[in-house]
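The values are calculated or read from the model by the stated rules, or taken from the named source; none is laboratory data. All values reported here derive from a predicted model rather than from experimental measurement. Methodologically, a virtual Cβ is constructed for each residue, glycine included, from the backbone with ideal geometry; neighbour enumeration extends over all protein chains shown. Surface areas here come from the heavy atoms of the whole protein model, side chains and all, with no ligands, DNA or RNA. Shrake-Rupley method; radii C 1.70, N 1.55, O 1.52, S 1.80 Å.
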Amino acid sequence: MATSAVDGGSVGGEDIKFSVMVSLFQWIQKSRSSAQKRSKFRKFLDAFCRKPQDNFAAMRLILPGLDRERGSYGLKEHVLATCLIDALAISRDSDDARRLLNWRKGGPKIGSNAGNFSLVAAEVLQRRQGMASAGLTIKELNDFLDHLASSENRAEKTSILSDLIRKTNAQEMKWIIMIILKDLKLGISEKSIFLEFHADAEDLFNVTCDLKLVCEKLRDRSQRHKRQDIEVGKAVRPQLALRVSNASAAWKKLHGKDVVVECKFDGDRIQIHRNNSELHFFSRNFLDHQEYAHGMSDVITQNILADKCILDGEMLVWDASMNRFAEFGSNQEIAKAAREGLDSDRQLCCILFLSSVFKFGSSAGNECVNATDACP
């Protein structure tokens, strides 16, 4: 499928060359000082993002893991390797093909970049792409990526990658691959990027999980934004555990406070929003997994007393025949069975975290209550 960069629906970035962003990425990655990284990013925004819509066009490439406007690419490393091999029209038996497919393994045929797919791919591309850039703009790149996410089969994805390879050089393709894999390894925190964009950007994102909304509402860096309340039906960034080395280090982090310890269940983090009969099932990546609706909607509406609330917990599968939770990774299979009306000893269930239920009411305001208060 031939893809035209003018067909997509992205807005902004028409005047910004992607090569400029590549230079920004390389400079940030090489700089050791956090202050220098932030300063360089701020100068990029001031110099190149002159129109309000340019902000989102650039930010969704800098923070690709937070972009909800674009769907999943369906391209993990192995599938991406296969698509690149076909896009480059190289033999599956060639050394370069083996490098891409065996990118995790070390050895003389892989090189020193083993374990880093984007660097292994860049080595292969350098031997097969020209050095000159074709002047791809970030609008054109966003349009290509929109097409890549919406394409339904591997042949279409391969065709789009082939077009991208023709319009870029190896250095640009390396960063595009990192954007597709949603890991730029820039050495600058998401918090720092948000802070340089706007003082209220992180707070607004945490309660909306909407990068486009953040870019649209915070166009003027000099204007502070009134703190926004959590809304039922809009994903809220979940609280995540902090990784520490051992139990002693964890205890020190608590500063002697009273704590409640819960059992860790091996499921999928899920955030259920109930607004009367309307239900949303948000993952930790802010995606609404409506495939859970058939298996969980009746359970929620019949057992949760609050008509308007947010529940936070782990989605698992209960195996009635074994009287235990099923192995991790079976959620989608059981959700599909429930959607198709198939009988099974296995069923979806949600283990709510203690004090995870947010109730919303016009008179009493919003409050957080213990999960046992909302579950009979």
Residues of region 298-321 satisfying the condition of being of a type in the set (Gly, Ala, Ser) and either farther than 23 Å from Glu333 by Cα or over 24 Å from the mean Cα position of the chain (by Cα) (or both): Ala306, Ala320, Ser321
Out of (1) surrounded by fewer than 17 Cβ atoms within 10 Å (Cβ to Cβ); (2) among the small types (Gly, Ala, Ser); (3) touching a Cys at 6+ places or on another chain (Cβ under 6 Å), the odd one out for Ala320 is which? (3)
Looking at region 325-354, I want the residues that are open to solvent by 70 Å² or more (accessible area, probe 1.4 Å) and have a partner that is assigned to a strand (DSSP E or B) with Cβ atoms under 8 Å, at least 6 apart or on another chain. Which pairs are those? Asp345/Asp319; Gln347/Val317; Gln347/Trp318
Flag for Asp163 being under 19 Å from the mean Cα position of the chain (by Cα), in a helix (DSSP H, G or I) and touching a residue at least 24 places away in the same chain (Cβ under 8 Å): no
Restrict the check to region 42-59 and report whether at least one residue is touching a Lys or Arg at 6+ places or on another chain (Cβ under 8 Å), acidic (Asp, Glu) and touching a residue at least 12 places away in the same chain (Cβ under 8 Å). no
What single numbered condition from (1) over 24 Å from Val22 (Cα atoms); (2) modelled with pLDDT of 90 or more; (3) part of a loop (DSSP other than H, G, I, E, B); (4) among the aliphatic types (A, V, I, L, M) fails to hold for Leu213? (3)
Report yes if some residue within region 249-258 is of a type in the set (Asp, Glu), open to solvent by 90 Å² or more (accessible area, probe 1.4 Å) and part of a loop (DSSP other than H, G, I, E, B); otherwise report no. yes
Inside region 271-301, the number of residues satisfying the requirement of being among the polar types (S, T, N, Q), within 19 Å of Gln347 (Cβ to Cβ) and surrounded by 15 or more Cβ atoms within 10 Å (Cβ to Cβ) is 1
Among the numbered criteria (1) at pLDDT below 85; (2) part of a helix (DSSP H, G or I); (3) among the polar types (S, T, N, Q), which one does Ser118 miss? (1)
